[in-house]
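What follows is a set of notes on a single structure, which appears directly below.
The values are calculated or read from the model by the stated rules, or taken from the named source; none is laboratory data. For clarity, every value in this text was computed on a predicted model and none was experimentally measured. No Cβ is skipped: glycine too gets one built from the backbone with ideal geometry, and neighbour counts run over all protein chains shown.
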Amino acid sequence: MSGPVVDVHTHLVPRGWPDLASACGGTGWPWLRIDSERQAMIMVGESEFRPVGSECWDADVRRADMAADGVDLQVVSPTPVFFGYERPAAEAAKVARIFNDLTLEVTARGDGRLVPFCQVPLQDPDAACAELDRCLAAGHAGVEIGNHVGDRDLDDEGIVAFLQHCAEVGAPVFVHPWDMPDGPRLDRWMARWLTGMPAETHLSILAMILGGVFDRVPDTLRLCFAHGGGSFPFWLGRADNAWHRRGDLVRGRSEHPPSHYTDRFLVDSVVFEPAALRLLVDTLGEDQVVLGSDYPYPLGERPVGRVVREADFLTDKQRDKLLSGNALRFLGRG
């Protein structure tokens, strides 16, 4: 390896936070039920949302896992359940400040190997820009955003204004799917995560392309989509075909077909199979794929980077790009 191995897709959960109803207003906020020194449960109201372990908040545990997996740097982002996009912007701004400050406390114990990304109240562009600026000054290296705010996708004018600000201040943006549709057909087998998440990311990449965002936002914007770009890479040919054959409906505000824009964003490598990774590299290019794991959650990859390291179709130079160089460029360090 010619550089440090960088995992751009990990999450944290602090070990406790203030009562959010008192601190932020509103009701129904997530809270943490502590079950033992090493185990807890994220609760939403009285419902169990997700079990979490000490690797979510203990920097020493994270560093031990990183050493075991051969990872030198982790980008540490919020867990999307805390975004609060559905709430009044003032409440979301307060919760963002709380979790952003707690994130700095956790990553400060990482000996420089834990790279903090913040969250922002994306429903209010001005408040989002202000919180991003505060966080960059405090030590955050970038921002994680959800892929939509209600029915507003990434081509919404307010969200585009925020992305333009990110480009201006040089903040990398990690886009994570969240708030997937539910219902009887999706509430079995974790189908919201297995089908909804890939579809959400696919839709949001299309929104940026067909909504003309990449034609308006400067190419200095550093943007990465989680989970291999969802289903978008597999169906890029379908999107191009539709752009050419049904341009009356499909082209939207885009100046070029979707394949023209694949060098404008990165995707992570959390696709689990060599054939899927090969599709990413062949479709998007060897410069557009970065190592990601979704650590520490069960649907993530462990050991981190296994598929990239074992993929026999990658050259050593390509492997170095996926494990290190592309992520350093994303972070503004390469």
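Close contacts from region 277-295, counting a first residue that is surrounded by fewer than 19 Cβ atoms within 10 Å (Cβ to Cβ) and a second that is in a loop (DSSP other than H, G, I, E, B) and aromatic (Phe, Trp, Tyr), with Cβ to Cβ under 7 Å and a gap of 6+ residues or different chains, come to 278/313; 279/234. Among the residues of region 113-120, is there at least one that is under 20 Å from the mean Cα position of the chain (by Cα) and farther than 19 Å from residue 176 by Cβ? There is at least one residue in region 113-120 that is under 20 Å from the mean Cα position of the chain (by Cα) and farther than 19 Å from residue 176 by Cβ.
State all residues of region 220-236 that are more than 22 Å from residue 6 (Cβ to Cβ) and either among the polar types (S, T, N, Q) or loosely packed, with under 12 Cβ neighbours inside 10 Å (or both); if no residue qualifies, say none. Result: 231, single match.
Being acidic (Asp, Glu) and touching a Gly at 6+ places or on another chain (Cβ under 9 Å) is a description that does not apply to residue 19. Inside region 299-312, residues that are surrounded by 18 or more Cβ atoms within 10 Å (Cβ to Cβ), among the hydrophobic types (A, V, I, L, M, F, W, C) and either part of a helix (DSSP H, G or I) or within 22 Å of the chain's Cα centre (by Cα) (or both) make up a count of 3.
Whether a residue is within 27 Å of residue 154 (Cβ to Cβ) and either in contact with a Cys (Cβ under 8 Å, 6 or more places away or on another chain) or buried (at least 18 other Cβ atoms within 10 Å of the Cβ) (or both) was assessed, and residue 88 does not pass this test. In contact (Cβ under 8 Å) with a residue 40 or more places away in the chain and within 30 Å of residue 63 (Cα to Cα), is that true of residue 177? Criteria met by residue 177. The residue list 6, 13, 61 contains one member that is touching a Cys at 6+ places or on another chain (Cβ under 8 Å) and not acidic (Asp, Glu), which is 13. Taking region 70-94 as the range and being more than 23 Å from residue 151 (Cα to Cα) and not in a loop (DSSP other than H, G, I, E, B) as the test, the residues that pass are 73, 74, 75, 76, 77. Entry remark, region 313-325: residues being touching a strand residue (DSSP E or B) at 6+ places or on another chain (Cβ under 7 Å) and crowded, with 24+ Cβ neighbours inside 10 Å number 1 in total. Applying the criterion of at least 3 residues that are under 22 Å from the mean Cα position of the chain (by Cα) and either under 17 Å from residue 92 (Cβ atoms) or touching a residue at least 24 places away in the same chain (Cβ under 8 Å) (or both) to the strands (runs of 3 or more DSSP E) found wholly in region 14-68 leaves 47-53. For beta carbons closer than 7 Å, sequence separation of 6+ or different chains, a first residue in region 142-165 that is closer than 15 Å to residue 212 by Cα and a second that is hydroxyl-bearing (Ser, Thr, Tyr) and in a helix (DSSP H, G or I), the qualifying pairs are 153/204; 154/204. Selection within region 1-13: residues that are surrounded by fewer than 16 Cβ atoms within 10 Å (Cβ to Cβ) and of a type outside the set (Ser, Thr, Tyr). The member of this set that is farthest from the chain's Cα centre (by Cα) is 1. The residue that is modelled with the highest pLDDT, among those in region 1-25 that are closer than 30 Å to residue 73 by Cα and among the hydroxyl-bearing types (Ser, Thr, Tyr), is 10. Which one of the conditions (1) of a type outside the set (Gly, Ala, Ser); (2) surrounded by fewer than 23 Cβ atoms within 10 Å (Cβ to Cβ); (3) touching a Leu at 6+ places or on another chain (Cβ under 7 Å) does residue 328 fail to meet, given that it meets all the rest? With (1) of a type outside the set (Gly, Ala, Ser); (2) surrounded by fewer than 23 Cβ atoms within 10 Å (Cβ to Cβ); (3) touching a Leu at 6+ places or on another chain (Cβ under 7 Å) applied to residue 328, the lone miss is (3).
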